[in-house]
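Okay, so here's the structure we're looking at.
Every number in this text was worked out from the coordinates using simple rules, so none of it is lab data. Bear in mind that the values here come from a model prediction, so they are computed numbers and not experimental data. Here the Cβ positions follow ideal geometry from the backbone for every residue, glycine too, while neighbour counts run over all protein chains shown.
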Amino acid sequence: MPEAAFNLPLLVLFILGLYFLSSIKILAEYERGVIFRLGRVLPAAKGPGLIFVFAPIDRMARISLRIEAMEVPGQDVVTRDNVTVKVNAVIYFRVVEPIKAVIEVANFLYATSQLAQTTLRSVLGEVELDELLSQREKLNMRLQEVLDKQTGPWGVKVTLVEVKQVDLPDQMIRAIAKQAEAERERRAKVIHALGEMEAAEQLSKAALTIQQQPVAIQLRYLQTLVEIGAEKNTTVVFPLPVDIFSSVSTVLERLAKGGLEKPS
């Protein structure tokens, strides 16, 4: 009996030592511990470093403060101009208030994922296809604002949203290709017309210069002959002034009138 009484305090001390060691918890720099004591949450999260959790009085929920990257599965979106596309995105978020992330929502990861899917469909459904394809940065900011506003009460901060890929139907891809081709053809025609207009203006200026110096046209004829002769061909070009044709037509008209007046 005395020997058993002597071992009892040692046994109690040993059990208390084990309980004390099991109550020691170590949290990393990016972790915080939300402590529930007798069912009530403590006013401040614990960590990082060494903390004590005295079970079963205390219960701890570990929360990571690092930025999480979550891929939003492809969603079928009907744009404002009634075009069905499949869009997927990725969101980046982090917990800024661990206590709210534990108390306000059952599973903040699952809730954020579901909210991102519904927000992606609703926001992109308000824009047209051209805006979805050309104004990606603007839509990313809009999605980030909407998600951050919804997840704020949960203690979650959405830092970035990126639309990764937009899958178009084959018919729409062909229509966009035709539109791009028509736009390129329109630009080519406009450029060609502008070139013709500039060429006409330069020719008009050249005609005015030649009109002031008639001998310039003869020099131009001779230069053309030199260019033709440099190619060693047998073609012979004999330049005739345009005035000769007008003079010949005048003579023919006079002869025709004389021939008509002669019988009378």
Around ARG66, what is the net charge, scoring Lys/Arg as +1 and Asp/Glu as -1 over all other residues with Cβ under 14 Å from its Cβ? +1
Output for the range 1-100: GluC sites (Glu not before Pro) sitting in coil per DSSP, at most 13 other Cβ within 10 Å, listed by number, reads GLU29
Taking only the alpha-carbon positions of the range 12-62 as identical scatterers, the Debye log10 I(q)/I(0) at q = 0.16, 0.25, 0.29 Å⁻¹ comes out as -0.47, -0.92, -1.08
Per-residue ellipticity at 222 nm attributable to helices in the chain (runs of n ≥ 4 DSSP H, -39500 (n - 2.57) apiece, nearest 500 deg cm²/dmol) works out to -18500 deg cm²/dmol
Is the shape of the range 106-167 best called rounded, prolate or oblate, per the rule: a/c under 1.5 gives rounded, else a/b larger than b/c gives prolate, else oblate, with a ≥ b ≥ c the square roots of the Cα gyration tensor eigenvalues? prolate
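Tally Lys/Arg at +1 and Asp/Glu at -1 over every other residue whose Cβ is under 10 Å from the Cβ of VAL95; what's the total?
That sum, taken over residues with Cβ under 10 Å, equals +3.
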Given pairs LYS46/LYS100; LYS86/LYS189; LYS46/LYS149; LYS100/LYS138 and cut-off 25 Å on Cα-Cα distance, the over-length ones are LYS86/LYS189; LYS46/LYS149; LYS100/LYS138
Give the Kirkwood hydrodynamic radius (Å, one decimal) of the range 169-212, defined as one over the mean of 1/r across all pairs of different Cα atoms. 13.0 Å
On a full-extension model of 0.36 nm per residue, what is the gain between GLN179 and GLN213, subtracting their alpha-carbon distance, rounded to one decimal in nm? 7.1 nm
With label points built 7 Å along Cα→Cβ from the Cα atoms of ARG40 and GLU126, find their separation and express it in nm. 4.3 nm
If Lys and Arg each add +1 and Asp and Glu each add -1, what is the summed charge of the other residues whose beta carbon sits under 12 Å from the beta carbon of ALA207? +1
Cα-based Rg then Dmax for the chain, in Å, read 44.4, 171
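When the dipole is taken about the Cα centre of the chain, and only Lys, Arg (+1) and Asp, Glu (-1) are charged at their Cβ, what size is it in debye, to the nearest 20? Working shown, then result.
Numbers: 31 positive and 31 negative charges, 115 e Å.
My answer is approximately 560 debye.
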Would you mind computing, in nm to one decimal, how far apart the modelled labels at LYS138 and ALA61 are, each placed 7 Å from Cα along Cα→Cβ? 4.0 nm
